[in-house]
1. For region 1-116, which fully contained strands (runs of 3 or more DSSP E) count at least 2 residues that are farther than 17 Å from Thr155 by Cβ, at pLDDT below 90 and touching a Phe, Trp or Tyr at 6+ places or on another chain (Cβ under 9 Å)?
2. Considering region 118-159 alone, what residues qualify as being over 17 Å from Val68 (Cβ atoms), small (Gly, Ala, Ser) and buried (at least 17 other Cβ atoms within 10 Å of the Cβ)?
3. Which residue pairs have Cβ atoms under 6 Å apart, sit 6 or more places apart or on different chains, and have a first residue in region 17-32 that is more than 12 Å from Pro144 (Cβ to Cβ) and a second that is crowded, with 16+ Cβ neighbours inside 10 Å and modelled with pLDDT of 95 or more?
4. Output the residue which, of all residues in region 131-156 that are without any contact (Cβ under 8 Å) to a residue 60 or more places away in the chain and within 12 Å of the chain's Cα centre (by Cα), is nearest to Glu17 (Cα to Cα).
5. Identify all residues within region 117-144 that are of a type outside the set (A, V, I, L, M, F, W, C), more than 17 Å from Val73 (Cβ to Cβ) and either part of a loop (DSSP other than H, G, I, E, B) or at pLDDT below 50 (or both); write none if there are none.
6. Name the residue that is farthest from Ile35 (Cα to Cα), counting only residues in region 162-180 that are in contact with a Lys or Arg (Cβ under 7 Å, 6 or more places away or on another chain) and not β-branched (Val, Ile, Thr).
Amino acid sequence: MKSSVFRLHSTLELPLEDVHDFFEDPELPVEIDDIEIKRRNNTLIISSIAAEENLSKYTPTAQLKASVTENRVYENEDGEWQETPPDDEPGGAVASSGSGGGPSWSSLGGEQEAEEEVRSKLMEYACFKGDRETVLQNTELQYPMFEVLCNLARTADKGSLEAIVAVSGDLEAVRVVDGEDRPARVKIVEDPREQENGGVDWRDNEFIN
């Protein structure tokens, strides 16, 4: 029985260069032979190439889709880049207006000291945000490509991936938050539309034996 993805919601954000590094030598499911990455303006499309040679070249295979945005990042004391300025962190230096009209720097302890301007730059991010039809497209190789997305999510420092999948006929819940797997379970609720129509008649339901 073929595994499939029923529901998916993603808020993943990764530096674009990290995405390219991930796909330089990824561990791919046996159903996928290779990955093709294309960029169209501010859209990143990551397509799967089937390992089966008998798959028609006209059959669209699963692909991941992300929007590319620019965020300003700042260099911290360790030489690493982060999204928040070091000045905004507890214990950091803050800018104040000096008597000479130029900026002077004061620590939160009140000591005056000159500081170099914080280095910053614009960094491109790949944002895998939306539901299944937005992030994971096409049904052929859908589940193997979902596994690739899960592995990518485990490398992300920011965002979450939540999904309900069917594996060997059983429903499973998947949840990855800030790069870590989290406990998840499938919860079955009544369809609100059925409630509006008078609810579900559990005593006379052809789907329940």
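1. On the way: elements: 4-15, 32-40, 43-50, 63-75, 94-97, 103-106.
Answer list for region 1-116: 63-75, 94-97.
2. Hit for region 118-159 is Ala153, nothing else.
3. Val19/Ala126; Phe22/Leu152; Phe23/Ile35
4. First, pick out the residues of region 131-156 that are without any contact (Cβ under 8 Å) to a residue 60 or more places away in the chain: 133, 150, 154.
In the following step, the residues that additionally are within 12 Å of the chain's Cα centre (by Cα) were identified as 150, 154.
Numbers: Cys150: 18, Arg154: 16 Å.
Once the filter is applied, the top-ranked residue is Arg154.
5. Matches in region 117-144: Asn138, Thr139.
6. Per the criteria, the residue is Ala173.
The values are calculated or read from the model by the stated rules, or taken from the named source; none is laboratory data. The structure presented is a predicted model; accordingly, all values stated were derived computationally and were not measured. Heads up, the Cβs are rebuilt from the backbone with ideal geometry, glycines too, and the neighbour counts pull from every protein chain shown.
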